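Trainee: Sharing a structure here in C-alpha cells format.
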Amino acid sequence: MKWLPILKECSCKIRRAILPLFGTNEASKEFGVGAGGDTIKEIDLAAENALIQTLQNHKVSCTLISEEAGIKEIGSKPKSFYLTVDPLDGTTNAIRGLPFIATSIAVSKTLNLKDVEIALVYDLIYNVTYTAERHKGTLRNGEKVKPSPTTSLEDAVMGIDFNTLKIEELLTRLTPLLQKTKHLRHFGANALELCYVADGTIDTFIDIRGKLRVTDIAAAYLILREAGGIMVTPEGTEINVPLDPAQRVSFIATANTTLYENIRARLTEH
Ligand SMILES: [Mg+2]
C-alpha cells in the first residue's frame, strides 16, 4: 500500500479547504465538543471533511483516530491500518491568521505510538512537507534533513509549551532550565514545532504539561526520531502510549543526546 502519495493529496486538499477560512470570523464558528475535549470550530471541520473525503475517494480501508471525530472506521477492512490524525494543528493560529499551522497524519498497523511506520506533517501556509518512513530517514520537501549540532543551553533555540492552568507547578519545574535559556520560543502548533527540531530550525521542544494529545505528536514522533533527534518522556524513557484520542503525553524533544542531557540535568535540579 503506497500511503505517502495519498497522504500528500490529503494535505493539499485540506490546504485548499482551510485557506479561505484562515484568519476570518467564520473560521471560529463552533460545532460542539470533539473527542479530545476541545470545541470543534468551522475550520477544524473543513480540514477533517477534506481528509475523510480524500481517503474515501481513494477507497482506502482504515480506522481514523482523530482529535475531532474520535474513532471513525473507513472502508471495508478498517482494522488493516490506523491513521492517527490532527487535520488542523494550531486552530487558534488559524483563526487569528497566524501563519503557523499544519496537518499531521501517522500510519500504523497497531494502536501504539512506537509502531507508527509512515508519517507526514504539512506546513499549510508555507507549503512544506515533512515525511518519514521507518528506517528510511526524514525528508523535508523530498530532501534529507537532520537536527542541529547545538549542545549548549545558552545557544539553544528552545520551544516550551506553557499553556496550562497549573502554571506555578510547571514554572517550579522549569525555572532552573529557564535561568540558562536565552532564546525561548513557542509557535502554537506542536506537530510543526517538533518538525522544526527535526530539520535543525530550532534545537529543542519541551512539553511537560501532561495535556498534549497523542494525536498531535504521532506523526512528528517518527519524523523527529528518523531524522536522528531524541524524543522521550521527561523521565528519559520511551514514550510508550496507545494511539487513542484521549491519550495525553509529556516529552522532551531535542536535536541530540548532549543537549538532552544538559536539559535533563537542569530539570532534575529543583
Ligand atoms: Mg486540531
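Quick note: the coordinates plus some simple rules give every number you see, no bench work behind them. Given the structure is predicted, the values throughout are model-derived calculations rather than measurements. Every residue, glycine as well, gets a Cβ built from its backbone with ideal geometry; the counts of neighbours run over all protein chains shown.
Trainee: Points 7 angstrom from Cα along the Cβ direction at Asn57 and Arg185: gap in nanometres?
Mentor: Spacing of the two 7 Å Cα→Cβ label points: 3.3 nm.
Trainee: Evaluate the relative contact order of the range 43-88 (contact order divided by residue number), counting alpha-carbon pairs under 8 angstrom at least 6 apart; express in whole percent. Provide the component values of the computation, followed by the final result.
Mentor: Values: 65 pairs, mean separation 18.3, N = 46.
It rounds to 40 percent for the range 43-88.
Trainee: Under the classification rounded if a/c is under 1.5, otherwise prolate if a/b is larger than b/c and oblate if not, where does the range 3-144 fall, given a ≥ b ≥ c as square roots of the Cα gyration tensor eigenvalues?
Mentor: Values: a/c = 1.84, a/b = 1.27, b/c = 1.45.
Because a/c hits 1.5 or more and a/b fails to exceed b/c, the range 3-144 counts as oblate.
Trainee: Specify the angular offset, from 0 to 90 degrees and rounded to the nearest 10, of the alpha carbon long axis of helix 214-227 from the longest principal axis of the alpha carbons in the chain.
Mentor: 70
Trainee: Any chance you could tell me what percent of the C-alpha pair distances in the range 1-74 go past 13 Å?
Mentor: Details: 1814 of 2701 pairs.
Across the range 1-74, Cα pairs with separations above 13 Å total 67 percent.
Trainee: Cα to Cα, under 14 Å, and not fewer than 8 places away if on the same chain: which aspartates and glutamates meet these conditions relative to Lys29?
Mentor: Asp38, Glu42, Asp44
Trainee: While we're on this one: Compute the angle between helix 3-18 and the longest alpha-carbon principal axis of the chain, please, reported from 0 to 90 degrees and rounded to the nearest 10.
Mentor: 90
Trainee: Same structure, new question: Please find the FRET efficiency linking Leu98 to His135, where r is the Cβ-Cβ separation and R0 is fixed at 30 Å, and quote it to the nearest 0.05.
Mentor: On the way: r = 35 Å, r/R0 = 1.18.
Efficiency at R0 = 30 Å is approximately 0.25.
Trainee: Treat the count of other C-beta atoms within 10 Å as a stand-in for reagent exposure and order Thr151, Thr268, Thr103, Thr63 from fewest to most.
Mentor: Working: Thr151 17, Thr268 12, Thr103 31, Thr63 20.
Least to most surrounded, the residues fall as Thr268, Thr151, Thr63, Thr103.
Trainee: A further question follows. For Lys109 and Arg16, what is the calculated FRET efficiency with R₀ set at 30 Å and r taken between the beta-carbons, to the nearest 0.05?
Mentor: Working: r = 30 Å, r/R0 = 0.99.
According to the calculation, E is roughly 0.50.
Trainee: Pairs of Cα atoms under 8 Å, at least six residues apart: use those to get the relative contact order of the chain, whole percent.
Mentor: Values: 645 pairs, mean separation 47.8, N = 270.
The value is 18 percent.
Trainee: Here's something else I'd like to know. Setting aside same-chain residues fewer than 8 positions from Lys2, which lysines have a Cα under 26 Å from its Cα?
Mentor: Cα-Cα hits under 26 Å: Lys13, Lys59, Lys72, Lys77, Lys79, Lys109, Lys114, Lys136, Lys144, Lys146.
Trainee: If the chain were replaced by its equivalent ellipsoid, with semi-axes equal to the square roots of 5 times the Cα gyration tensor eigenvalues, what would those be, largest first, whole Å? The partial results should precede the final answer.
Mentor: Values: eigenvalues 171, 83, 60 Å².
That gives 29, 20, 17 Å for the three semi-axes.
Trainee: Further, regarding this structure: How far, in degrees from 0 to 90, does helix 257-267 lean away from the longest principal axis of the Cα atoms of the chain, to the nearest 10?
Mentor: The two axes meet at around 70 degrees.
Trainee: How many nm separate the modelled label positions at Lys211 and Thr175, each set 7 Å beyond the Cα in the direction of the Cβ?
Mentor: Distance between the two pseudo-spin positions: 2.1 nm.
Trainee: Given the Cα-Cα distance of Arg248 and Asn127 and 0.36 nm per residue of separation, how much length would full extension add, in nm?
Mentor: On the way: separation 121, 0.36 × 121 = 43.56 nm, distance 2.84 nm.
40.7 nm is the gain from fully extending Arg248 to Asn127.
Trainee: So, one more: Quick one: if you stick a label point 7 Å off each Cα along the C-beta vector at Glu238 and Asp38, how many nm between them?
Mentor: Placing both labels 7 Å along Cα→Cβ, they lie 2.9 nm apart.
Trainee: Here's another thing I want to ask about it. Among Leu184, Leu165, Leu170, which comes first, then next, by fewest other beta-carbon atoms within 10 Å? It would help to have the intermediate numbers written out before the result.
Mentor: Numbers: Leu184 13, Leu165 9, Leu170 18.
Least crowded to most crowded, the residues run Leu165, Leu184, Leu170.
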